[in-house]
1. Can you find, among VAL320, THR181, SER90, the residue sitting farthest towards the positive end of the charge dipole of the chain, where Lys and Arg contribute +1 and Asp and Glu -1 at Cβ?
2. Does region 140-188 classify as rounded, prolate or oblate by the C-alpha gyration tensor (a ≥ b ≥ c root eigenvalues; a/c under 1.5 gives rounded; else a/b over b/c gives prolate, otherwise oblate)?
3. Per-residue accessible area for SER108 at 1.4 Å probe radius, Å² rounded to 10?
4. Please report, for the Cα atoms of region 236-361, the Rg to one decimal and the Dmax as a whole number; what are they, in angstrom?
5. Which percent, nearest 5, of DSSP beta bridges in the chain are antiparallel?
6. With the cut-off at 1.5 for a/c, could you classify region 188-255 from its C-alpha gyration tensor as rounded, prolate or oblate?
7. Given +1 on the Cβ of Lys and Arg, -1 on the Cβ of Asp and Glu, and no further charges, what dipole in debye does region 243-361 carry about its Cα centre, rounded to the nearest 20?
8. Which order, highest average first, do 346-355, 275-284, 222-231, 4-13 follow once you tally other Cβ atoms within 10 Å for each residue and take the mean per peptide?
Amino acid sequence: MKIGIVGLPNVGKSTLFNSITNAGAECANYPFCTIEPNVGVVPVPDERLDVLGKMYVAEKITHAIIEFVDIAGLVKGASKGEGLGNKFLSHIRETDSIVEVVRCFDDSNIVHVDGSVDPIRDIETINLELVLADLETVNKRIDRAAKLAKGDKKYLQEEDTFKKVREVLEQGKPVRILELTDEEKEIIKDAFLLTMKQILYVANISESEIGTENEYVKKVREYAEKENSAVIPLCVKIEEELSSLEGEEKQEMLEAMGLDESGLDKVIKKSYDLLGLMSFLTAGKKEVRAWTIKKGTKAPQAAGKIHTDFERGFIKAEIVSYDDLIKEGSYQKAKEAGLVRLEGKDYVMQNGDIVEFKFNV
């Protein structure tokens, strides 16, 4: 799963990417220093794995992973190919959701591409370019469906669905706010609309404002609520410092700032959630591991994530919830307490299920 990190030039986008991945994307105080998208694969923070690792004295701990793509800064006119517009839009199209970095601090030493700090203007600049790009796609699909409908009436529904989508786009709004039936979602799925992607806004604040919410952040939050998006305020500069620390040093710095976890951990967790993902766990002496599945996945399909044979020959899933296991203190005690269950093919997996699959091929 890919998350695209976007933003206007000089808002802290590449610094955030560096912090998340330690991938060393070039970072400079001028536009377009990130031309080709940088890609970083990062573990999804999950404290449960460390607890299970100690319980099972595991030789190895493997986290779920998520991929972040740092995409070139965008300017007005991207949908018409201005700046690096065409590249920006094609790279965003390949991602599953978007983290949009918005500058929410004043600093005369850092140039703003539009000359002043205004997070809502910045958000609308990017969102408008995505809307315009989608409008172009949707108009082509309406024309195509209308032509095909003359010979086959089944295309009438496709034409009507895309017209419904166009109405929202013409108001300058993203498609993700539109209530669509499952059938309508299926119809527009292969159009890969940019504004269908879920957005997480990262409000980049100054070091002195950590733990508070300035007026810029409040405005971003109000804007995000209207489109059912989430907002995480963080200081990208501090996150970059934190990302270079480990263990006790990192914990001491977090405590000194009055934080329980880094903003980056929140971004990674929220991004995972944004994609409708969750983890089930496997635990043993050799390895404790988190496996990524979509929410709503049934047991046989979850088994298939480990190995296709597990899904093909699925019999049962032996499951204990993480909370129950920790409460009892061991797998054996959880079993004696009747908290280990055998589940069949129709069982919908829950976040934190610890599983052993029974199969026969």
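The values are calculated or read from the model by the stated rules, or taken from the named source; none is laboratory data. In this text, all values refer to a predicted model and were calculated from it rather than measured experimentally. For neighbour counting, all protein chains shown are included, and Cβ atoms are generated from backbone atoms with ideal geometry for every residue, glycine included. Quick note on the areas: whole protein, heavy atoms, side chains included, nothing else; ligands and nucleic acids left out. Shrake-Rupley method; radii C 1.70, N 1.55, O 1.52, S 1.80 Å.
1. The listed residue farthest towards the positive side: THR181.
2. Taking the square roots of the gyration eigenvalues as a ≥ b ≥ c, region 140-188 is oblate.
3. Accessible area of SER108: about 120 Å².
4. Answer for region 236-361, Rg first and Dmax second: 18.2, 55 Å.
5. If we restrict to bridges inside the chain, about 50 percent are antiparallel.
6. On the way: a/c = 3.64, a/b = 1.71, b/c = 2.12.
Since a/c reaches 1.5 but b/c is at least a/b, the shape of region 188-255 is classed as oblate.
7. Charge dipole, region 243-361, about its Cα centre: 780 debye, nearest 20.
8. Highest-to-lowest ranking by the protection proxy: 4-13, 275-284, 346-355, 222-231.
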